[in-house]
Amino acid sequence: MAQEAIRRGQRARAETAPPQIRTPAQLAWRQLRKHPMALAGGAVLAVLYLVVALAEFIAPYSLDFADRERFYHPPTVLRFWDARGFSLRPFVYVTTLEDPQLRTYRVDPTRRYYVRFFVHGEPYRMFGLLPGSRHLVGVDAPGRLFLMGTDQSGRDQFSRIVYGSRVSMTIGLLSAMITIPLGMVYGGVAGYYGGRVDNLMMRLAEIIMSFPGFYLLLTLAAVLPTGVGCTTHFYLITFILAFLGWAGFSRMIRGMVLSIKEREFVQAARAAGLGDFRVIVRHILPNTASQVIVVATLGIPGAILGESSLSFFGFGVREPCASWGNLLTAASNLPTLILSPWLLFPGLFIIAAVVAFNIFGDGLRDALDPRARTS
Amino acid sequence: MAAYIARRLVMLPLVAFGVTVLIFALLSFLDPAVRAGAFITNPNQLKAIDSIIRTYGLDRPIYEQYWTWLREVFRGNLGWSQTARMPVREAIAAFFPGTLELTFYAFVPIMLIGVWLGTAAAVHRDRLVDHLSRIFSISFRSLPSFVWGLLVLMVFYGRLSWFPPGRLSLDADLFVRSGQFHAYTGLVTLDALLNGQLWIFADALRHIAGPAITLTMVSIALLVRLMRSSMLEVLNQDYVRTARSKGLAEPVVIDKHARRNALIPVITLSSYTIVSLLGGVVITETIFNFPGIGRWGAFAAQQLDIPGVTGFTMFVAALTVLGNLAADVLYVFFDPRIRLR
């Protein structure tokens, strides 16, 4: 009887209670949906990371595939129409080198090579495990599908861009993964203890912030050991980018911690007898989360550009690995660029990624900031 | 205020110390033979590599090498730069005026266009000017600067042949090096005017235009955005409403009342802009083959010219610290509401 009453009471309360209680994440998502630009940026990023994950499948050719007879080949023209009539399925013609000096190619229109989805091609291992040989698009063997042309040794630029996205899209994430925990703990400790500790720690951070960023990056990259493989080299570059990035970030965290530590819940945590480290990590730092996410999103494009600039001097990710930056350096002398302007294609991907990160970060900032929220 | 400046100046040697320790620490990862290789100019000298290592003490512990280097620095000797083929101190003195000149010719358009565009974007908020200025500044920022440099070179040199790379044409360069031309400052355009040689002034300007345009494109975004947000804030203030309600003409309100106050943060940022320009010239100078400190520094880094690299990194670090200090001081000067601690 009593239980029945309680149950009825619960039901009544459920009916009168506010219809739903939203978690902070739901609130942020609701805000974010109102920014079509930010959503578009997020969508571009999602596509790019899908490419990162499925590179072997999306790239028509492998990373080191080289067709030495077709160097500096212009982008293959997809045709729908020729003397024999119209075809809904696009096709390409085989080309042969005509003038090696001017890099002109003669088109042989006698046979159509149709572009097909899910074609058999070079075998690969997806995620390093699953064997496969299907590629998203391709043409039959003598025909070549160079969607964005080839470089000086006849490597398909589109495939290399697809593989290069792995380096370019992860270098920022990885360096953020070092910068953020380091900067948070450092800034958290400095802000929490204040006084002399804070003074000393911030002076050290300021010293690192006063380092002439790009010059130092250049120097550090120049003295990196040359004998290591390109993967190790990639990690070293990431580490350098992170090393220069954490100081400014820790300063921002420290500023936030200075005000958060005065709040009641921190005093409550301390009164409950928690250790300093636990108070900092469990009670103070989570309150900086929204800012941290935004800084990370806005900081990642910096790492992408930084790596590209390093590549220009030959200190970025090295051959045979590909990154958007080191692909773009193929275009870095004027005569080549004028003859083969398609070498600038990696730049379009850099623009897309950087712009997408920026507008997504801007939208995220508005979405996570309760003051900017409109109901 | 004085205490603040003094404390910031103390940082100067600390930064220099930190940077150089870092470089030397990384040096210890390098094989002495690789470093000795930097001194070798022809294959016959390969046999001498051991003696080079011994002469320069490249195989000694790295802290000893650092100490040797530091002692010389205190005597005013920064070492010999293999890439510049002169002592590091002379190299800095020789290359810095070019960079300074380039920075100036990029800084002036950045300020003028930046302030004008930022004001226009704020006054016509959410209209065409605003959107265009946002699109331009985002796209300029979202490609590495070497790509913009190449595109400028391709258009203005490759197609139009207006702005050639380098610093001076051959005949102008010969004239400048001859006895008839007196180098007062090392800034070629200024010297040309002081010597009354207008053709050299025009020639130098033609050469500096390309890199200056590139630097302007890459660095203007920040200034436009700051000017816009600062202007928006000022336009919402009461005194602007008062000015309008007095019946003042809109241009007077914008130019005389609003813009002057909106300029405060922009002026402060301008010295950061100079610092970042001085730091950002390395790629631009390399692409345009402009003999400045950035091109030398990049070349020194590529060739493992360690005295050159350390000397020039210290120099740029000092510039950075001083520039940021100047920015802080300017801030107080223009806005008395702010106090430095």
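Only the coordinates and a few stated rules stand behind these numbers; no lab work does. None of these values were measured; they are calculated from a predicted model. So basically every Cβ, Gly included, is an ideal-geometry build from the backbone, and we count neighbours across all protein chains shown.
List of remarks:
- Expressed in Å, the radius of gyration and Dmax of the Cα atoms of region A:164-372 are 20.1, 72.
- If you plug the beta carbon distance of B:ALA3 and B:GLU64 into 1/(1 + (r/R0)^6) with R0 = 30 Å, you get a FRET efficiency near 0.20.
- For region B:189-263, trypsin sites (Lys or Arg not before Pro) are listed when DSSP marks them as loop and at most 14 other Cβ atoms sit within 10 Å of their Cβ; the list is B:LYS246.
- Dipole orientation for region A:63-155: of the candidates A:GLY85, A:SER133, A:HIS120, A:GLY85 has the Cα lying most toward the positive pole (charges on Cβ; Lys, Arg +1; Asp, Glu -1).
- Along its three principal directions, the equivalent ellipsoid of chain B from the Cα gyration tensor extends over semi-axes of 43, 26, 19 Å, largest first.
- Residue by residue along A:355-362, Cβ atoms of other protein chains within 10 Å of the local Cβ number 1 on average.
- Residue among B:ALA25, A:ALA222, B:MET1 farthest towards the positive dipole end of the protein assembly as shown, charges placed on Cβ: B:MET1
- Region B:117-198: trypsin sites (Lys or Arg not before Pro) falling in loop per DSSP and having at most 14 other Cβ within 10 Å: B:ARG125, B:ARG127
- Alpha-carbon centroids, region A:87-126 and region A:297-345: separation in whole Å: 26 Å
- Values of log10 I(q)/I(0), in the order q = 0.18, 0.21 Å⁻¹, for region A:264-375 under a Debye, Cα-only, solvent-free model: -0.92, -1.06
- Figure legend: label point modelled 7 angstrom from the Cα of A:ARG79 along Cα→Cβ; residues of region A:89-106 with amide N under 16 Å from it are A:89-97, A:105-106.
- At R0 = 35 Å, FRET efficiency that the Cβ-Cβ distance of B:ASP238 and B:TRP116 yields, to 0.05: 0.85
- Compactness ratio for region A:63-155: Cα radius of gyration over 2.2 N^0.38 Å (N = residue count) comes to 1.19.
- Column: log10 I(q)/I(0), Debye, Cα scatterers of chain A, q = 0.11 Å⁻¹: -0.92
- In whole angstrom, region B:148-287 maps to an equivalent ellipsoid with semi-axes of 41, 19, 14, each derived as √(5λ) from the alpha carbon gyration tensor and ordered largest first.
- Other protein chain C-beta atoms within 10 Å of residue C-beta, averaged over A:39-52: 0.
- Sparse-neighbour loop sites [trypsin sites (Lys or Arg not before Pro); region A:219-306; at most 16 other C-beta within 10 Å; DSSP]: A:ARG263
- Cα centroid of region B:280-341 to Cα centroid of region B:48-91, whole Å: 23 Å
- Taking the C-alpha atoms of region B:255-341, convex hull volume expressed per residue in Å³: 106 Å³
- Whole-number D in µm² s⁻¹ for the protein assembly as shown, Kirkwood Cα-pair radius fed into Stokes-Einstein, 4 °C, 1.567 mPa s: 44 µm²/s
- Projection of the Cα convex hull of region A:184-296, averaged over all directions and equal to a quarter of that hull's surface, yields 8.6 nm².
- Span-like helix ranges in chain B, DSSP H, alpha carbon extent 15 angstrom or more, Kyte mean at least -0.5: B:2-27, B:62-74, B:88-123, B:128-141, B:198-235, B:259-287, B:306-334
- Mean partner shielding of peptide B:134-145, defined as the number of other chain Cβ atoms within 10 Å of each residue Cβ, is 5.
- Spin-label pair B:THR55-B:VAL332: with each label point 7 Å from Cα along the Cα-Cβ axis, the two points sit 5.2 nm from one another.
- Inter-part distance where region B:165-232 and region B:14-28 are each reduced to a Cα centre, Å: 34 Å
- Along chain A, longest interval not containing exposed GluC sites (Glu not before Pro), exposed being DSSP loop plus at most 16 other Cβ atoms within 10 Å: A:70-261
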